[in-house]
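A short worksheet on the structure shown next.
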């Protein structure tokens, strides 16, 4: 996640699940950990047993809240106000960890005079261009740096095409030349990061938190007190989040909010501290590290952009500054090794390592843009590989309509998911919008192999790769993706082997010879070895420090280099936990370099001594860094080391620069680059909200990605006319008993019987207001859809008093879909959403939006369409509604 | 001859001759009950695995008999999960042996109202043909601004978060070499 | 030392009595126990029914549900005043002790009573006391008479309904066996093995009771006076439970009988009377036939 990347340097969870047991306080916010990660939650219970305080901050009272010490209900979509309130509390009451903040963060760095804060511009930062709805981030940079602070690169917000750069910091902070930065060690300079931070959050008072979040000031202060009392030399607090934070039009900044708190309180890099990102799929971390994502190459190297990266040299200069500190400074070695891994002898110094074989991106090619392109008949073919967008993606109708425009669709899954059957039993067939006989999409359903039927690695939530061994052969036609894509590659290459077309060279030259295992299938270990990398003589690399920019090494994903250290599949190590210390380094393998707590140099003070005996972890013994983990720092670099003038890359890291991927070695309270929507988190309302932003004239994120099209009607928000047609906040989530869009749970009787029907959760007061009956039916309506759900009336949902009015919230689990093949089916909550995305990462806002709710079942057929149309018309919705990113009152 | 079938095994005789005069304990125990053993005991092999659902990454033990998965349990050796599983992880056996799992290729012709069968090899060939044709038809050396892009926006891919790293690697590698860029996964949901 | 019903049932040198301690204070209601039980014991699904009862769609223990997680939503006694009318859900009572809303969860299971009425009434010997002190139905012996069903004071056991040939063991009485097969090999029962938070603990009953008492004492020290054990007392009406619980409220709140009594408590007396009557009858017969000879 770039929120972490632009704060600490890497986009993965900074700690590991077992480390939670050492926390003195655990704040779970934007996560329903007990329900979505029950087995990981055992470590929260261990901490609780040891006396830790567990706080759950969430719109709903969930199974996590049930065992927490306190549950703080807040309005969905208001977390930044809450986090900003904590930051303000910490600064006003001087509760920050001063030695830590001075030594390990950029608090003392001075900003430029040109920088203007949201306080001065009523919700905008300096550099905003209303015509493009984008920032030029030059003014956010440090004082004393030339231009935007990068050599030859561009500002983070200056990308007027893809503006996807924010994500490219999964393992390397943004480029920046730190040498000339001015500092004020007293933290008193008005342009110091510290003072800017203080001013930015000064209005985030307990009273403001109450007004925005609906959390009583007293309850908010209890959280502040618990968090600050459990941070410092002797104690540590951990923050846990998941998609309750990321799925917002300002999601990346939620995570930045927690990053700032954890840096101020000195909780980063220390046992029991950190920020634990909990991820929802077995290898969603892995599929970001080795990205099946449009804007990334393996190891968070950016995909080349058409405009800026015309040449190899331009690309290199664009992704790293030659003057920068830290291990990202060696990015050239990582890219060259990747290109060598893919094109072998055909990647030479002369041809820029075959850099031109890479396609270029030029804008958003994300999944939602692609769905719209399908509707426009720009896309002919689609592969679905274990994902069910007809149910799991926002705006389900758009997904299904898009697929109905395809020429061909390949669905590879364990079960006959709704995305494979939309043409015969989807909601649009029932409503009459589509007729099966009119849909020209050719559909191939290819059955996939299960995890027990193939070998390979998953990368779980704490960056750990674990090898799973094949137990049995896949039944029937079932095949692993490995086998299928290897075969598809062979077939495609065979068809183009004799082509003289230049476009076919990358395929003809592709390294695609893999050994077969005993079963005659492509050997997954050989692929993992390619990922790990080799020297020219074939020896496996021991880690990315061995990678060279001269073409003498090849490796498919630099951050995974070391998974085959010593020629051993480290991910397959299974030394029992009971035979190891609690860090259990000999179980699996975690990137980078099998480190379990990232930035753990910060677990010691600037002199290399533990901050306290109670929180000792890594320390300097006079010659080396020692402790239970692998140090996330040059092993033998003394705390007193000061880099010589002119040093770059890892050599430039001082002995007290724990954030080794950052261009300046420090944790970023203020992000001078790397994010497209601001250097500091500011509270914006969700794109669709019944509430007027109490903090700024700017209502919603001014850089959020919008799609002004008739297929994507958005609702009026705040005090706009028609907003009252959708008076309620709703949020979506998962249940323990199901998995995401249901492809791996709704076909299983044992799971389906536990949660057989789609339901909505409403408070008793809300039920009275709308005449909803427990166990009855309700219809939930937005500008896109009307869906029906069974009703659960529960005091676990409470109405909140926000800005002087009562706001009701509706909870909707999103596991069900309309079809006929699953054991249990139902309407899909994701059909309710329109598309409004976070500009950094193109993640949709599905954790907070506005709706209406009525008792009873929804209409069928055409009547259903009329109902939704009637709502749109009553709210006065046009194609322009909700698509203006800058709030009108901001304009001079 | 087993106890249950011999005259001496008659419960009433055991009740009268043994310690269990009430007939509620050993005297009532059937031969089947006496011989009950966990089916995992007779597995042909036990394979180390990892739960396929969420990202906690719980260790699993997969028990195989006669080339069929007969039980999946938590692996007590895992320092992360310590042998425990949630309801989804506990249902993993049903996931892999799911009664509803489709194990043959299904094919829907354009405008057809139902599925038909298709041979796997044929299906793969057809898909390879589609990829090659679509790519040729939609290839861009330059975009509308005249910038070098050498790509196709003619086909897309979605999914990867449930797959192995090695699989994602091959998908990204092949599609990138084909010039396809709309490669996406669940990280954006 | 607890009583040992296995020894009472005639087992010579039985192993220590095994049982469950279910600590509801750490239950997260995940239902892993329900699924793990079904997976191991091949218990069929129990129907796809939305009950509208919090997160409980299982309903009750029965022939096809051997573990059942209950969800109890307790309203706060002094709710934050939003100026909104408050409505309670049916059956919700305020204890007056708490100020916070609570969501209680409890994984219910067969209690493996020390004095088990189901076992007492079983005419076939299908239900028997194992060497581990547990109560197990033997599916190869049960004739489906159903006497055990009303005998259970907890409503645990039931006969399986379903289509013969499709569903296994239709008509046969079914319930938790404490994974009798697993115990034979020293394994932990499936539910306890899976439980993510150690809410379900398996072991020697003596040890579990000691551990449970310690846990209650700790919780009392932590200012949770409502914590209490249920079924850990051998002097109760069923002689103590092999599967006992730590509860956070009165047993009734969890749908448990506050003072369970073995329904066959009076049986010995009844049998004695019946025996005397039979003897009298016999004496009379002897007298009649004797005199006639």
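Since every read-out is calculated from the coordinates, none of them should be taken as a lab result. Quick caveat: nothing in here was measured; it's all calculated off a predicted structure. All Cβ positions, even for glycine, are placed from backbone atoms using ideal geometry, and neighbour counts span all protein chains on display.
What FRET efficiency comes out for the pair residue C:163/residue B:32, r = Cβ-Cβ distance, R0 = 25 Å, nearest 0.05?
On the way: r = 24 Å, r/R0 = 0.96.
Computed FRET efficiency for residue C:163 and residue B:32: 0.55.
Take the alpha carbon gyration tensor of segment B:119-188, find the square roots of its eigenvalues, order them as a ≥ b ≥ c, and report rounded if a/c is under 1.5; if not, report prolate when a/b exceeds b/c, else oblate.
It comes out oblate by the Cα gyration axes.
Take every Cα-Cα pair in the protein assembly as shown and report what % of them are more than 53 Å apart.
Details: 234494 of 943251 pairs.
Of all Cα-Cα distances in the protein assembly as shown, 25 percent exceed 53 Å.
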For chain A, percent of DSSP beta bridges that are antiparallel (nearest 5) comes out at 50 percent
Could you pull out which residues in segment A:381-413 have an amide N less than 11 Å from a spot 7 Å beyond the Cα of residue B:104, following the Cα-Cβ vector? none
Enclosed volume per residue, in Å³, of the convex hull spanned by Cα atoms of segment A:819-892: 170 Å³
Degrees separating the helix B:120-138 axis from the principal Cα axis of chain B, which is the longest one: 30 degrees
So which residue, out of B:22, B:122, B:176, gets the largest mean-square fluctuation from a GNM of chain B using Cα contacts under 10 Å as springs? B:22
Highest-MSF residue in chain B out of B:169, B:53, B:63 [GNM, Cα springs under 10 Å]: B:169
Full-extension gain in nm, residue C:204 to residue C:250, via 0.36 nm per residue minus C-alpha separation: 14.0 nm
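Arrange the following residues from fewest to most other Cβ atoms within 10 Å of their Cβ: A:467, C:11. Numbers along the way, then the final one.
Details: A:467 25, C:11 22.
Least crowded to most crowded, the residues run C:11, A:467.
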For peptide C:8-14, the mean count of other chain Cβ atoms within 10 Å per residue Cβ is 6
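Classify segment A:211-330 as rounded, prolate or oblate from the Cα gyration tensor: take a ≥ b ≥ c as the square roots of its eigenvalues, call it rounded if a/c is under 1.5, otherwise prolate when a/b beats b/c and oblate if not.
Numbers: a/c = 2.37, a/b = 1.90, b/c = 1.25.
In terms of gyration-tensor shape, prolate.
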Only bridges whose two residues both fall in segment A:732-880 count here: according to DSSP, what percent of them are antiparallel, nearest 5? 70 percent
Would you work out if segment A:303-406 is rounded, prolate or oblate? Take a ≥ b ≥ c from the square roots of the eigenvalues of the alpha-carbon gyration tensor; rounded if a/c is under 1.5, else prolate when a/b is larger than b/c, oblate otherwise. prolate
Calculate, in whole percent, how much of the Cα-Cα pair population of segment A:1-134 lies beyond 27 Å. 36 percent
What residue among B:62, B:105, B:96 shows peak mean-square fluctuation when chain B is described by a Gaussian network model with Cα springs under 10 Å? B:105
State, to one decimal in nm, how far the label point of residue A:866 lies from the label point of residue A:199, with both points 7 Å from Cα in the Cβ direction. 5.9 nm
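Listing A:787, A:284 from the residue with the fewest other Cβ atoms within 10 Å to the one with the most, what is the order?
Values: A:787 27, A:284 24.
Fewest to most other Cβ atoms nearby, the residues stand as A:284, A:787.
Just round it to a whole percent: the fraction of Cα-Cα distances in segment B:39-96 exceeding 15 Å.
42 percent
Sorted from fewest to most neighbouring beta carbons within 10 Å, what does the list A:353, A:591 look like?
Working: A:353 24, A:591 27.
Placing the least packed residue first, the sequence is A:353, A:591.
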